[in-house]
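Here the structure is laid out as structure tokens; the discussion comes afterwards.
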Amino acid sequence: MRTTHRSMALAVAVFLMPVTSPVWAQEVPSEGAGAPAEQISAEEQAFNARSAAMSERVTAYSVELRAAADRLGRDPAALRAELDRLEAQFQTEMDAFVQAFIDFAVWKEGQLTIEERDRQRQGVVAMVPQLGAVPSSLRQQVEAAALAAAASASASPQT
């Protein structure tokens, strides 16, 4: 089960890497294009930094969840209480990041064509609930794996 959990954490981390899509970030012409490269705005730099920090926080949250599962896996009530605490704490952080993501998207709209704006809005509408569900999704994966391992261990004959 840890492979699935790590895959989810990796997918989230990749998603939260600094924004590079032309709809989100300014396009930088290739070196041979002859046009000078555009500078990334302070707003984009700030959001990229916040995305990178959240990516690191997702990884740290995954480690915290696994550590709690390793420590408390044989005590389901204690495990759930600790996972509840960790999830609530991280959900607050993720909610703040989601709001920053929305704020950045609103700011970015002023620089986009109508077609780009429509694509961006569709992307934001799709990503907001996915981002908001990260804390719960990671927690559920770790909890399920820990409880299954504990059940398997208790069902195995002692030798």
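Values as computed for the structure displayed
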item: Solvent exposure ordering (accessible area, 1.4 Å, most first) of 74, 85, 139; result: 74, 85, 139
item: Cα pair distances of region 63-159 binned at 5 Å [whole percent]; result: 2, 13, 18, 15, 12, 10, 9, 7, 6, 4, 3, 1, 1, 0
item: Rounded percent of accessible protein surface that carbon and sulfur make up, region 41-132, 1.4 Å probe; result: 56
item: Nearest-10 value in Å² for the accessible area of residue 59, using the 1.4 Å probe; result: 70
item: Inter-label distance, nm, simple model (7 Å from Cα along the C-beta direction), residue 92/residue 137; result: 2.4
item: Using θ = phi - 60° and Karplus 6.51 cos²θ - 1.76 cosθ + 1.60, couplings along region 62-67 (whole Hz; Gly, Pro as x); result: 4, 5, 4, 4, 5, 5
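The values are calculated or read from the model by the stated rules, or taken from the named source; none is laboratory data. What you see is a predicted model; the values in this text were computed from it and never measured. Glycine also receives a Cβ, built like all others from the backbone with ideal geometry; neighbour counts cover every protein chain displayed. To get the accessible areas, we keep the full protein, side chains included, count just its heavy atoms, and leave off ligands, DNA and RNA. Shrake-Rupley method; radii C 1.70, N 1.55, O 1.52, S 1.80 Å.
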